[in-house]
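Step one of this worksheet: look at the structure below.
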Amino acid sequence: MLKIFVGKSKKPKDAQELKWESLGAEELLSLASSQTMFGGKETYVLAGAINSDRQEEFLDIAKELAESPNTFIFEEEKLLKGPTTALEKAGAEIVIEKRPAAAAARGFDPFGLTFAFAARDRKKLWLGLMQAFKAGEKAEAVAGLLNWKVRQELERATGAKREQLINLSRQLVYMYHDSHRGAGDLELLLERFALRL
């Protein structure tokens, strides 16, 4: 079974989160065809895999994952039309969680901002920052939101990726403190950070 949760997922507590960055398609297909010792079914969660640079690889095996006795849950912050169509054809169940009204009331999309940051998309991140500042969001709150996203990614990261995330977190914290010491406007520092990402 293949489920795609767009927005917030309602994954079971016993679900196993897979580090898809280090898993090949063959390993996923192996998990799709295997069963537990006592014939039970497993649930696996992959966060952000479809909107990654390995999108085609996951779409190519979507049909096999959908036909598996095990459940594969892909969590995505958003899903474009092309992948949505391919996943529907493969037999995936797509659940779109409506964004909270609070996000609309804020005047900018915090989910889009954090997604662009997680994807290291400089252009979208910069545009998200401009949208946030135009909506009147404080630079301190935006820096906190970005640092929260880094900390969230740190929970799953290992090795060199973990070191890179720790460095990003430090940069955000230093920017915040530097701006309060008069070393520059935090909005401008965040813009520079986004464009150098």
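Of all residue pairs spaced 6 or more apart or on separate chains, those with beta-carbon atoms under 7 Å, a first member in segment 162-189 that is over 15 Å from V142 (Cβ atoms) and a second member that is in a loop (DSSP other than H, G, I, E, B) and of a type outside the set (K, R) are L165/A157; D178/G184.
Just to verify a result, which residue in segment 18-61, among those that are within 25 Å of G112 (Cα to Cα) and touching a helix residue (DSSP H, G or I) at 6+ places or on another chain (Cβ under 6 Å), is surrounded by the most Cβ atoms within 10 Å (Cβ to Cβ)? Across segment 18-61, the extreme among qualifying residues is I50.
Scanning segment 62-76 for residues that are surrounded by fewer than 18 Cβ atoms within 10 Å (Cβ to Cβ) and charged (D, E, K, R) gives K63, E64, E67. Scanning segment 87-110 for residues that are assigned to a loop (DSSP other than H, G, I, E, B), of a type outside the set (D, E, K, R) and modelled with pLDDT under 65 yields a single hit, P100. On the basis of being in a helix (DSSP H, G or I) and of a type in the set (K, R), does R170 make the cut? It is true that R170 is in a helix (DSSP H, G or I) and of a type in the set (K, R).
Which ones in segment 146-159 are of a type in the set (A, V, I, L, M) and within 16 Å of L197 (Cα to Cα)? L146, V150 - these are the residues of segment 146-159 that are of a type in the set (A, V, I, L, M) and within 16 Å of L197 (Cα to Cα). Of the numbered criteria (1) exposed (fewer than 15 other Cβ atoms within 10 Å of the Cβ); (2) charged (D, E, K, R); (3) within 15 Å of D109 (Cα to Cα), the one E163 fails is (3).
Only residues that are under 23 Å from D178 (Cβ atoms), among the basic types (K, R) and surrounded by 15 or more Cβ atoms within 10 Å (Cβ to Cβ) were counted in segment 123-154, giving 1.
The values are calculated or read from the model by the stated rules, or taken from the named source; none is laboratory data. A quick note: this is a predicted structure, and the numbers were derived from the prediction, not measured. Heads up, the Cβs are rebuilt from the backbone with ideal geometry, glycines too, and the neighbour counts pull from every protein chain shown.
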